[in-house]
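Data block below; observations after.
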Amino acid sequence: MKRTLLLLPLLIACGDPLYLGGDGGAPISGRSDPAAYVRGGHPSLVVEIDVADGRAPRAGVTAEVSGAIAPLLDKPDGIDFVMDGVIPAERLQDEWTFDDLRALADDTFDGLGRADQAVMHTMWLPGRYLSDGGGTVLGVAWSNRHVAIFTDAIDSSCGGLLPTIRERICREAEAAVWTHEIGHVIGLVNNGIPMVADHEDGEHPHHTTDMDGVMYWAYEGASVGDLLAGRLAGGDGRLFEFGPASVADVAAFRDGG
């Protein structure tokens with residue numbers, strides 16, 4: 001039976017799309033193997049979370065992300081979202097380069113799982129990413145292990161919506177962006193998991209051409225709030241999902257190993 005836990009400590013207080021792939025322009029050691037996340041050799045997954053003070057995921061976001069990724073992964077012992085700690089204020093910045101993110105990840109990632117567990121890492125941060133193309137970036141992923149989520153950018157993406165739906169869309173945006181970046185970490189699109197059929201967007205590498213799939217490039221850019229609001233207005237019960245092409249890729253890789 002699959003289980004999902006959110007372990008809280010006693011004291012807790014995307015403009016142009018960006019995917020850093022394996023290197024973000026510089027060599028990186030410690031790249032993780034997508035097979036560890038997708039296949040059953042590691043029967044459970046730990047998602048280690050480090051947050052800036054006051055930047056933890058909104059209520060219900062971890063459960064929604066778990067519900068999106070769990071059907072793809074062979075993890076009979078479950079997925080644990082573990083809140084590791086609060087990032088010291090002196091380590092926070094208003095603007096982030098990739099080198100800044102890499103250094104912070106190296107210092108905050110503790111690898112909390114046991115030897116038989118797959119572990120990935122997410123940091124929830126203020127400020128903005130200094131993208132080469134300019135524009136707004138909501139989240140980045142690298143080394144098939146690390147994710148950075150920029151909470152100010154996500155809040156801005158849904159801030160102009162009607163008050164009646166703003167909080168719902170902000171929550172869904174957090175969940176969608178996080179799910180999108182975890183998709184990159186586990187090997188999507190064509191980032192460690194081979195494609196069954198070609199659906200990689202030539203203009204946005206490692207993203208799907210499926211506009212309804214969460215691995216579409218717009219799910220990590222500033223338009224995500226409007227995208228999700230449009231799906232809500234259209235009566236969609238679930239506002240984001242991986243889509244058949246990405247699901248097929250993961251299933252073939254998971255079951256063929």
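The values are calculated or read from the model by the stated rules, or taken from the named source; none is laboratory data. Quantities reported herein were computed from a predicted structural model and do not represent experimental measurements. We place every Cβ from the backbone using ideal geometry, glycine too, and count neighbours over all the protein chains shown.
Side notes on the structure shown:
- Residue match in region 137-154 (condition: of a type in the set (Lys, Arg), at negative phi and touching an Asp or Glu at 6+ places or on another chain (Cβ under 8 Å)): no
- Residue satisfying all of: in region 166-186; touching a Leu at 6+ places or on another chain (Cβ under 6 Å) and either over 18 Å from Ser66 (Cα atoms) or of a type in the set (Val, Ile, Thr) (or both); surrounded by the most Cβ atoms within 10 Å (Cβ to Cβ) among these: Val177
- Check on Gly225, in contact with a helix residue (DSSP H, G or I) (Cβ under 8 Å, 6 or more places away or on another chain) and on the phi > 0 side of the Ramachandran plot: no
- The set of residues in region 185-212 that are over 23 Å from Gly256 (Cβ atoms) and among the acidic types (Asp, Glu) comprises Asp201, Glu203, Asp212.
- Any hit, region 87-105, residues being in contact with a Pro (Cβ under 7 Å, 6 or more places away or on another chain) and at pLDDT 95 or above: yes
- Ile193 buried (at least 21 other Cβ atoms within 10 Å of the Cβ), modelled with pLDDT of 95 or more and part of a loop (DSSP other than H, G, I, E, B): yes
- Extreme residue, nearest to the chain's Cα centre (by Cα), among residues of region 147-156 that are buried (at least 24 other Cβ atoms within 10 Å of the Cβ) and either small (Gly, Ala, Ser) or in a loop (DSSP other than H, G, I, E, B) (or both): Ala148
- Some residue of region 229-247 being touching a Leu at 6+ places or on another chain (Cβ under 7 Å) and among the hydroxyl-bearing types (Ser, Thr, Tyr): yes
- Glu203, sole failed condition from (1) surrounded by fewer than 17 Cβ atoms within 10 Å (Cβ to Cβ); (2) farther than 23 Å from Thr62 by Cα; (3) touching an Asp or Glu at 6+ places or on another chain (Cβ under 8 Å): (3)
- Filtered residue count, region 128-146, keeping only those that are in contact with a strand residue (DSSP E or B) (Cβ under 7 Å, 6 or more places away or on another chain) and in a strand (DSSP E or B): 7
Every residue, every condition in (1) touching a Cys at 6+ places or on another chain (Cβ under 8 Å); (2) under 20 Å from Ala251 (Cα atoms); (3) surrounded by fewer than 22 Cβ atoms within 10 Å (Cβ to Cβ), yes or no:
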position: Leu162; (1), (2), (3): no, no, yes
position: Leu188; (1), (2), (3): no, yes, no
position: Ala197; (1), (2), (3): no, yes, yes
position: Asp210; (1), (2), (3): no, yes, yes
position: Tyr219; (1), (2), (3): yes, no, no
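- Candidate set from region 221-252 (those that are closer than 18 Å to Met195 by Cβ and among the aliphatic types (A, V, I, L, M)); member that is surrounded by the most Cβ atoms within 10 Å (Cβ to Cβ): Val250
- Complete set of residues in region 132-169 that are of a type in the set (Ser, Thr, Tyr) and closer than 11 Å to Ala222 by Cβ: Thr136, Ser156, Ser157
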